[in-house]
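Below is one structure, written out as structure tokens, with a few remarks after it.
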Amino acid sequence: MSERTWSIEQRLVRWIAGSSLAMAGLFGAAAVWFVKSELHNELDLLALEEIEELEANLRGRAFSRIELERVLGVIAVDHADHRFTWRLWRPGDADPWMMVGPATHIPLPSTSAAAATMPRTPERGARWHWIDVPMTVPDDTSVQALRVGLLLDATPRRDSANRGLGLVLVVIGLTSVVAVAGGVLLARRLARTLREAAQRARELDTLARGGDIAPSNAPTEVLALADAFRGSLEEVRQQYSRNLLLTAGMAHELRSPLQNMLGEASVALLRDRTSDEYRAILESQLDELRDLGRVVDNLITLTALREPGALARKERFQLGAEAELRLAKDAARATKRGIHYDIERDGDLEIAGDREALLLAVRNLVDNAVRHARDSGHVEVRLHGDPERITVTVDDDGPGVPVAERELMFEAFRQSQADTQRRGGYGLGLALARAAAEAHGGTIEVGDAPRGGARFTLSLPRA
């Protein structure tokens, strides 16, 4: 089952709209709670202030019912912007002993003896705010513990608070709308920019001309993504080109020895030959098979060195002794051509690395020297070890390598421009030698040999 596709634009729009609405709801709920809580506290403080004013007027003097009504009337006049309704209970009474104000008809919470002993109990209605507290006041003959309740008309304060709350909610709503609209525009612009970059990326000639896949006015994040994509695409194209070159070169390298073997076999079968002639043909075929085997070894090793973790299996071994054994066939080939072949070892030649890759690299350098040395010429191989590095130097007395080609010759199947008859193509050997050196943290260079040919210097760290 295919994975479900999704759109950045749609997800951004949903996320921005959802988060904006959630934040608006959260702020709206917080605003409602805060306004209502502040209104409640304000009405409580206002009612307690009036009760304290009543207590202050009655403190220190006797009072009568008439006197008490007069004091309550004075308080009401002093606060004409609020409507108060007073209710007072004597101890043990279920009904109010006195009620003064415009809202004596409004039912109140229970005023039983049990309720009278409770702490202050604010009550809210549609318009009124209620609070009652105990109060001890003197009368004509004794001191009475009254319960005083104040019913406060909360309509003006609530209306004002609701208007402020409505304004706040409108601001929150408008802010949410602006945030959602801005988020939608941003999401659409980002999606449009990405679509434009994708369209440009489809046009490969844009990159070939050095163009960019993202518009210049795109966000920096999109520009960075486009730049990274462009670099990756360029690397893929280069790798594709290298693979094409490798495939073509591999076909050429494998075809040459196969064609030689087929040609010699066809000629050999044209007529009966002596055993010496057949022996010569078989020896030639054997040389071609060795070349073919070396090409296969080079291809396998070169491919392995390009894989991640190619040197995961490192081992310590004596490079000098191993190289001398592996170079025996090259020494025999040199002797067959009359070439003076010499190999020298000095110093500690123990190294840690990929045994096959390093030995194959050394063999390729020596094979290259034997191939291009003059008949009856010289090939000298020296392996030197110092405390930090091991150096392998291979000299021949062939045509040498032009300075302009000394860097390019380490690329696979690079063709020489100067001496097509002698050096021709460099094949895979030198490319493998450089790959093996770099995989081990080493270097390989080519210069002039003392006898006029090429000197290859392979430098390898011990670990």
Practice problem: Run Ala369 past the list (1) modelled with pLDDT of 90 or more; (2) buried (at least 22 other Cβ atoms within 10 Å of the Cβ); (3) within 43 Å of the chain's Cα centre (by Cα) and report the number of the one that doesn't hold. | Solution: (3)
Quiz item: Where in the stretch 320-413 are there strands (runs of 3 or more DSSP E), lying fully within it, with 2 or more residues that are within 21 Å of Gly452 (Cβ to Cβ)?
Solution: 340-346, 378-385, 389-396
Practice problem: Kindly list, by first and then second residue, each pair from a residue in the stretch 438-453 that is within 18 Å of Leu358 (Cβ to Cβ) to a residue that is modelled with pLDDT under 90 and part of a strand (DSSP E or B), limited to pairs with Cβ atoms under 7 Å and residues at least 6 apart or on different chains. | Solution: His440/Gly353
Practice problem: Considering (1) at pLDDT below 70; (2) assigned to a helix (DSSP H, G or I), say which one Ser216 fails and leave the rest. | Solution: (2)
Quiz prompt | Options Ala80, Ala29, Ala17: the member that is out of contact with any Leu (no Cβ under 8 Å at 6 or more places or on another chain), within 24 Å of Leu167 (Cα to Cα) and either modelled with pLDDT under 80 or surrounded by 13 or more Cβ atoms within 10 Å (Cβ to Cβ) (or both) | solution = Ala17
Quiz item: Would you call Ala154 in contact with a helix residue (DSSP H, G or I) (Cβ under 7 Å, 6 or more places away or on another chain) and closer than 15 Å to Ala24 by Cα?
Solution: no
Practice problem: Could you please give the count of residues in the stretch 360-377 that are more than 14 Å from Ala435 (Cβ to Cβ), touching a strand residue (DSSP E or B) at 6+ places or on another chain (Cβ under 9 Å) and of a type outside the set (Val, Ile, Thr)? | Solution: 8
Quiz item: Does Gly320 satisfy the criteria of being at pLDDT 80 or above and over 30 Å from Arg389 (Cβ atoms)?
Solution: no
Quiz item: Out of curiosity, is Tyr278 at pLDDT 90 or above and of a type in the set (Ser, Thr, Tyr)?
Solution: no
Quiz prompt | Number of the exception - Thr303 against (1) modelled with pLDDT of 90 or more; (2) hydroxyl-bearing (Ser, Thr, Tyr); (3) part of a helix (DSSP H, G or I) | solution = (1)
Practice problem: Could you list, in sequence order, all residues of the stretch 83-123 that are surrounded by fewer than 16 Cβ atoms within 10 Å (Cβ to Cβ), hydroxyl-bearing (Ser, Thr, Tyr) and either at pLDDT 75 or above or over 60 Å from the mean Cα position of the chain (by Cα) (or both)? | Solution: Thr104, Ser110, Ser112, Thr117
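The values are calculated or read from the model by the stated rules, or taken from the named source; none is laboratory data. Since this is a predicted model, take the numbers as computed values, not measurements. When we count neighbours, we look across all protein chains shown, and the Cβ atoms used for this are built from the backbone with ideal geometry, even at glycine.
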